[in-house]
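Engineer: What follows is a structure written as structure tokens; I'll ask about it next.
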Amino acid sequence: MQPRDYLLLAKRWAWLLGVGILIGLIGGAIYSLVQKPVYQATTKVMVLGAPQSSLSDILNQNTELLSQTFTELLVTRPVLEATSERLGYYISSSQVRVQQVRGAQLIQIIAEDSDPQKAAEIANTLVTVFLEQNAKIQSGRFSASEESLQAQIQQVEAQIADLQKQLAQTSEQSSEKRLQDVTNIISGIQTEINQLQADIVRLESDHETVLGVNALGQPARVTPTLTVDQQIELTQKRSRLDELKSLLNIYQQIYVSLSFSPANQSGQNSTNNQLQAALVLYQQIYANLLSNYEAIRLARLQSTPEVVQVEGAQVPSHPVRPQTTTNILLGGILGLLLAGGIVFLLEYLDDSIRNGEAVTKNLDLPVLGYISEMNGKLPKEAYPPHVVAQPRSPVTEAFRSIRTNLEFVEIDRPLKTLLIGSPSPDEGKTTVAVNLAIVMAQAGSRVLLMDTDLRQPQVHERLRLPNRLGLSDVLREHSNLDESLHHLTTEGIDVLTSGTLPPNPAEVLSSERMANLLSEVALRYDKVILDGPPFLISDAIVLASRVDGVLLVLRARSTSQSVALEVLEQLDRVKARVVGAVLNRVQDSISNHYYHNLKSYAYISKETDELTLLED
């Protein structure tokens, strides 16, 4: 279909498209009215990457990845459950929507509820709960190391205090006790070192190469990748192992210092010297532990990404849903699409002949003319005929075009008798027959119009003629041809009406007298136009086999293609000559645009004729 065809289609079905749009608009309005108002509150948080540290390659992720991770964590079940518990009412995942702000390190949290106050509470509380849980998760990564160091610091502080106290009051028993304490500490440190070494070996063995498949699908030894948690654990254990080895070395020095004293010093002085040396070493251990403790705290701070709420949620004043205007517009669009789908479905299922292209392509017939809708009265009521009443109209020009095309048809074979028929009633065959006969007479031909429809004749009604005598009376020899003819001076034609309707039309039309009558009138007239019955009746098939040609009248968007094909098959079986088709009552055929363009010319000519009459 061409673009113009779509426009014509929309014009013809404009009423249905309008109904579809109206129903859609009403549906959108009703949908908006029955919907419960929903309010929306929005808050924003900023994601800052963790500061650089010695563990940055393992502990830190880039900001974009962190933002994506936090976007998913904000709507996890633990966060929503904790928020619901804190607020005192249930929060579903469908009420919260989290999205990253494009081009910024921001996350937008959108909460919805039928209560505007609750919508703001949900957004703000959700952020608060998430920040608390994130801080707890991050601090838990270093809690074990911090607690261990704090215990050791307290133990060393106790040892230092004890040494300082014993310096003031020295005894052999306290020296042995200190030696035993140091031995216990060394034993504990050695045990922890052995455990750490075993853990490190286990983690590193998990990282050893194993037999696998490479990218080409071939067997190869591959190295599995440790997860981030495994890498963090391995790094922490190695750092702790280094700290314990350093402490073990210092405690061993203390043990040696407490166990052996210089030979040249007395017992009392030796004891004091041992205490002083041990105190110095304990102070070194204390300083080392404090340094390690601060290093762990600094590592925790530097490896923890920061999430900050930069904009709190405010109580919304207007609901975001339903969007009445949008729903109405969408309803109208959906209604239009639905109506358009119905239109295309109807067009697809429509078997009628739509335009001249369908006649040429599907029926293999030339289109000799296009007759558009005639304005004014119905054809049965119109008098005089259209070509007489409106000689300059586009419809009259169309009949003249048919007359001209018929002249080209009879170049090789005379066309004295022409049957005008249609596949079914009410397709305009009588209108075409009457007007075509008149325009042929206007061209100077002697024309006879015969009404051969002996079942429902209409010629006498169109021309306001009596039907007391006619064709059937001539064939039954109740009258002769001259007595039955009507000479119409105004129209310039002779008319033979149907006459008295016989009980057996098919036998009358197939009789030898009918054949003789056709031969007689063909000699007396230049053109004999027969208005025949519909071709679905056997009468028309009989007539078609006895005339020089058949002109098929088809009504646009009414005549079925299958019915027309069946008629053509019947005509072909009786060897009838179908000279072409006339497409009647055309409303939107592209082929009819030419005749519509003649309207302005016709009106101008009419006004010019009136002015000429006035001047005369």
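Engineer: What residue, of 313, 295, 287, is among the hydrophobic types (A, V, I, L, M, F, W, C), assigned to a loop (DSSP other than H, G, I, E, B) and either at pLDDT 65 or above or open to solvent by 40 Å² or more (accessible area, probe 1.4 Å) (or both)?
Structural biologist: Exactly one residue qualifies, and that residue is 313.
Engineer: For residue 444, work out the one condition from (1) free of Cβ contacts under 8 Å to residues at least 40 places away in the same chain; (2) at negative phi it doesn't fulfil.
Structural biologist: Every listed condition holds for residue 444 apart from (2).
Engineer: Name, by its number, the condition in (1) at pLDDT 95 or above; (2) open to solvent by 40 Å² or more (accessible area, probe 1.4 Å); (3) small (Gly, Ala, Ser) that does not hold for residue 389.
Structural biologist: Single failed check for residue 389: (1).
Engineer: Here's another thing I want to ask about it. Where in segment 45-145 are there helices (runs of 4 or more DSSP H), lying wholly inside it, with at least 2 residues that are over 19 Å from residue 315 (Cα atoms) and at pLDDT 80 or above?
Structural biologist: By residue number, 63-73, 77-87, 116-140.
Engineer: Does residue 605 meet the test of being at pLDDT below 85 and either more than 45 Å from the chain's Cα centre (by Cα) or over 25 Å from residue 437 (Cβ atoms) (or both)?
Structural biologist: Yes.
Engineer: Of these, 404, 489, which one is under 60 Å from the mean Cα position of the chain (by Cα) and either modelled with pLDDT of 90 or more or open to solvent by 60 Å² or more (accessible area, probe 1.4 Å) (or both)?
Structural biologist: Just a single option satisfies the conditions, and that option is 404.
Engineer: For segment 445-466, does any single residue satisfy the condition of being farther than 23 Å from residue 517 by Cα, within 60 Å of the chain's Cα centre (by Cα) and of a type outside the set (A, V, I, L, M, F, W, C)?
Structural biologist: Checked segment 445-466: at least one residue is farther than 23 Å from residue 517 by Cα, within 60 Å of the chain's Cα centre (by Cα) and of a type outside the set (A, V, I, L, M, F, W, C).
Engineer: Which residues, taken from segment 457-470, are free of Cβ contacts under 8 Å to residues at least 40 places away in the same chain and open to solvent by less than 70 Å² (accessible area, probe 1.4 Å)?
Structural biologist: 460, 465, 467, 469, 470
Engineer: What's the number of the only condition in (1) at pLDDT 90 or above; (2) open to solvent by 10 Å² or more (accessible area, probe 1.4 Å) that residue 537 fails to meet?
Structural biologist: (1)
Engineer: In the list 454, 368, 436, which residue meets the criterion of being of a type in the set (A, V, I, L, M, F, W, C), part of a strand (DSSP E or B), at pLDDT 90 or above and crowded, with 16+ Cβ neighbours inside 10 Å?
Structural biologist: 368
Engineer: Sort out which residues of segment 423-433 are touching a Leu at 6+ places or on another chain (Cβ under 7 Å) and open to solvent by less than 20 Å² (accessible area, probe 1.4 Å), and write them in order of number.
Structural biologist: The answer is 423, 427, 433.
Engineer: Under the condition of being among the polar types (S, T, N, Q) and modelled with pLDDT of 90 or more, which residue from segment 3-44 is nearest to residue 135 (Cα to Cα)?
Structural biologist: Checking each candidate, the answer is 43.
Engineer: OK, next. Could you tell me whether any residue of segment 389-403 is part of a helix (DSSP H, G or I), out of contact with any Leu (no Cβ under 7 Å at 6 or more places or on another chain), polar (S, T, N, Q) and within 26 Å of residue 353 (Cα to Cα)?
Structural biologist: Scanning segment 389-403 turns up at least one residue that is part of a helix (DSSP H, G or I), out of contact with any Leu (no Cβ under 7 Å at 6 or more places or on another chain), polar (S, T, N, Q) and within 26 Å of residue 353 (Cα to Cα).
Engineer: A follow-up question, please. Can you tell me which residue in segment 325-364 is modelled with the lowest pLDDT, limited to those that are surrounded by fewer than 15 Cβ atoms within 10 Å (Cβ to Cβ) and hydroxyl-bearing (Ser, Thr, Tyr)?
Structural biologist: In this case the residue turns out to be 348.
Engineer: Now for a different question. Find all pairs meeting these conditions: Cβ atoms under 8 angstrom apart; at least six residues apart or on different chains; first residue within segment 64-85 and basic (Lys, Arg); second residue surrounded by 17 or more Cβ atoms within 10 Å (Cβ to Cβ).
Structural biologist: Every condition considered, no pair remains.
The values are calculated or read from the model by the stated rules, or taken from the named source; none is laboratory data. Since the model is a prediction, treat every value here as computed from it, not as a measurement. Reconstructed Cβ throughout: ideal geometry from the backbone, glycine too, with neighbour counts over all protein chains shown. Each accessible area value is taken on the protein alone, full model and side chains, heavy atoms only, with ligands, DNA and RNA left out. Shrake-Rupley method; radii C 1.70, N 1.55, O 1.52, S 1.80 Å.
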